[in-house]
Amino acid sequence: MQIGPWTLPNNVLVAPMAGVTDRPFRQLCKRLGAGYAVSEMAASNPRLWDSVKTSRRLNHDGEIAPVAVQIAGADPAMMAEAAAFNAGKGARIIDINMGCPVKKVCNVASGSALLRHEDLVARILDAVVRACAPLGVPVTLKTRTGWDRDNRNALRIARLAEEAGIAALTLHGRTRADLYSGHAEYDTIRAVKAAVRIPVVANGDIDSPEKARFVLDYTGADAVMIGRAAQGRPWIFREVEHYLRTGARLAPPTYGEMRDLLLEHLDDHYRFYGEHTGVRTARKHIGWYVEGLSGADAFRAAMNRIDDTAAQARAVGAWFDHFPRDGRPGQADRTQTLLAA
């Protein structure tokens, strides 16, 4: 897949997720097979650029190219300024958020709230593309199928994006009103792909190699973007990439590999956030990694009482040591006996 001058190594992409797709997570997903990752969204308001949260989101040290930064806002001039600012900080692709459904974003007319104002959408797209063109930075758009099921306007938004010079479009198969409930639909993505010439990325409920293959075949999309299914499961990218390329399923990771990957993730996470924030923000990642494994509920509860990064990492290592290192989740093994002992 091509985004401006950038040729991606494959068409399995990481979705931008607030509070999740920080630099440590993006780096791990890319190492495990993701062809591309977009940062969690950064505010377009310049008054927030010096905040600790935004500074972290703009930290791309050592990140595998191309660095892609998502920006959110509702003012065309401010969005253009934010795009140029991020390009100066190392972004090589700018992504515009018109898909976030959460209230605090929509209440300030950002994210998917913009889908109710197509004239404003057009002005934002034009302003950001114009700001980035002299810098050689392509602009992409992530959006939803519409505000609600009675007001699906993704086709019109896609045409506006193409006319403005947007380099690629990611479409989540839900409306803003759907939030993350129900099931994503792919008919709208299919219609959009048939109507425009720019690359289209399908997003929503892609949680397995087989589902990725189905969505690509059904919609004709150029790539798939995976979000929630990668939480605690960053190896999904190599599984999907391998299946799309060969038609064969990779074996899931062993308990030993899961342990090592989580500890590696935690080490990078702690270095990135520091002691106080790192131990707290790591809890959700740990919970996602162990979800569905024997004894996970009690272990997650214990994790919430640990306020020291070293102790947290030791506890993770010790817990995984109860599992046979070469065993795999779902296999008949001695896990239940070990945990009960």
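The values are calculated or read from the model by the stated rules, or taken from the named source; none is laboratory data. Keep in mind that this is a model prediction, so the values were computed, not measured. All Cβ positions, glycine included, derive from the backbone under ideal geometry; neighbour counts span all protein chains shown. Each accessible area value is taken on the protein alone, full model and side chains, heavy atoms only, with ligands, DNA and RNA left out. Shrake-Rupley method; radii C 1.70, N 1.55, O 1.52, S 1.80 Å.
Return the residues of the stretch 300-310 that are in a helix (DSSP H, G or I) and under 26 Å from the mean Cα position of the chain (by Cα); say none if nothing qualifies. Even if it seems obvious, please write down each step before you answer.
Of the stretch 300-310, the ones in a helix (DSSP H, G or I) are 300-303, 309-310.
Across the stretch 300-310, the qualifying residues are R300, M303, T309.
Where in the stretch 169-279 are there helices (runs of 4 or more DSSP H), lying wholly inside it, with at least 2 residues that are at pLDDT 95 or above and more than 23 Å from V38 (Cβ to Cβ)?
187-195, 209-219, 255-273
If a residue has to be assigned to a helix (DSSP H, G or I) and either open to solvent by less than 10 Å² (accessible area, probe 1.4 Å) or modelled with pLDDT under 90 (or both) to count, how many in the stretch 95-119 make the cut?
Of the residues in the stretch 95-119, 10 are assigned to a helix (DSSP H, G or I) and either open to solvent by less than 10 Å² (accessible area, probe 1.4 Å) or modelled with pLDDT under 90 (or both).
Is it true that A184 is surrounded by fewer than 23 Cβ atoms within 10 Å (Cβ to Cβ), free of Cβ contacts under 8 Å to residues at least 40 places away in the same chain, in contact with a strand residue (DSSP E or B) (Cβ under 8 Å, 6 or more places away or on another chain) and not polar (S, T, N, Q)?
Values: surrounded by fewer than 23 Cβ atoms within 10 Å (Cβ to Cβ): yes; free of Cβ contacts under 8 Å to residues at least 40 places away in the same chain: yes; in contact with a strand residue (DSSP E or B) (Cβ under 8 Å, 6 or more places away or on another chain): yes; not polar (S, T, N, Q): yes.
Yes: the conditions hold for A184.
Do we have any residue at all in the stretch 283-296 that's within 21 Å of the chain's Cα centre (by Cα), small (G, A, S) and part of a helix (DSSP H, G or I)? Please lay out each step first, then the result.
Initial filter on the stretch 283-296 (within 21 Å of the chain's Cα centre (by Cα)): 283-291.
Of the ones still in play, those that are also small (G, A, S) are 287.
Among the residues that remain, those that are also part of a helix (DSSP H, G or I) are: 287.
Yes, the stretch 283-296 contains at least one residue that is within 21 Å of the chain's Cα centre (by Cα), small (G, A, S) and part of a helix (DSSP H, G or I).
Kindly indicate whether G227 is under 30 Å from R159 (Cβ atoms), surrounded by fewer than 22 Cβ atoms within 10 Å (Cβ to Cβ) and touching a residue at least 40 places away in the same chain (Cβ under 8 Å). Even if it seems obvious, please write down each step before you answer.
On the way: under 30 Å from R159 (Cβ atoms): yes; surrounded by fewer than 22 Cβ atoms within 10 Å (Cβ to Cβ): yes; touching a residue at least 40 places away in the same chain (Cβ under 8 Å): yes.
Yes.
Among the residues of the stretch 187-203, what is the count of those that are of a type outside the set (A, V, I, L, M, F, W, C), closer than 27 Å to T7 by Cβ and open to solvent by less than 50 Å² (accessible area, probe 1.4 Å)?
Going residue by residue through the stretch 187-203, those that are of a type outside the set (A, V, I, L, M, F, W, C) are 187-188, 190, 193, 197, 199, 203.
Checking the rest, the ones that are also closer than 27 Å to T7 by Cβ come to 190, 193, 197, 199, 203.
Those left that are additionally open to solvent by less than 50 Å² (accessible area, probe 1.4 Å): 193, 199, 203.
Number satisfying all stated conditions: 3.
Contact list please: Cβ distance under 7 Å, first residue in the stretch 303-324 and among the aliphatic types (A, V, I, L, M), second residue buried (at least 17 other Cβ atoms within 10 Å of the Cβ) and not in a helix (DSSP H, G or I), pairs at least six apart or on different chains.
Pairs found: A315/I306.
What is the one condition in (1) within 22 Å of I226 (Cα to Cα); (2) touching a residue at least 24 places away in the same chain (Cβ under 8 Å); (3) open to solvent by 40 Å² or more (accessible area, probe 1.4 Å); (4) touching an Asp or Glu at 6+ places or on another chain (Cβ under 9 Å) that R174 does not satisfy?
For R174, the exception is condition (3).
Only one of R123, R159, R92 is modelled with pLDDT of 95 or more, open to solvent by 30 Å² or more (accessible area, probe 1.4 Å) and more than 24 Å from A195 (Cβ to Cβ). Can you tell me which?
Numbers: R123 fails: more than 24 Å from A195 (Cβ to Cβ); R159 fails: more than 24 Å from A195 (Cβ to Cβ).
That would be R92, the only listed residue that is modelled with pLDDT of 95 or more, open to solvent by 30 Å² or more (accessible area, probe 1.4 Å) and more than 24 Å from A195 (Cβ to Cβ).
Can you say whether V316 is in a helix (DSSP H, G or I) and at pLDDT 95 or above, as far as the supplied structure shows? Don't jump to the end; show me each part of the working.
Values: in a helix (DSSP H, G or I): yes; at pLDDT 95 or above: yes.
For V316, the condition - in a helix (DSSP H, G or I) and at pLDDT 95 or above - is met.
If you scan the stretch 1-19, which residues turn out to be within 16 Å of Q70 (Cβ to Cβ), surrounded by fewer than 21 Cβ atoms within 10 Å (Cβ to Cβ) and touching a helix residue (DSSP H, G or I) at 6+ places or on another chain (Cβ under 8 Å)?
Result: M17, G19.
Between P209, P199, which is in contact (Cβ under 8 Å) with a residue 40 or more places away in the chain and touching a helix residue (DSSP H, G or I) at 6+ places or on another chain (Cβ under 7 Å)? I'd like the intermediate steps shown before the answer.
On the way: P199 fails: touching a helix residue (DSSP H, G or I) at 6+ places or on another chain (Cβ under 7 Å).
Going through P209, P199 in turn, the sole match is P209.
State which residue pairs qualify: first residue under 14 Å from R130 (Cα atoms) and inside the stretch 80-93, second residue at pLDDT below 90 in any location, beta carbons under 6 Å apart, and separation of 6 or more residues or different chains.
Matching pairs, first to second residue: A82/S44.
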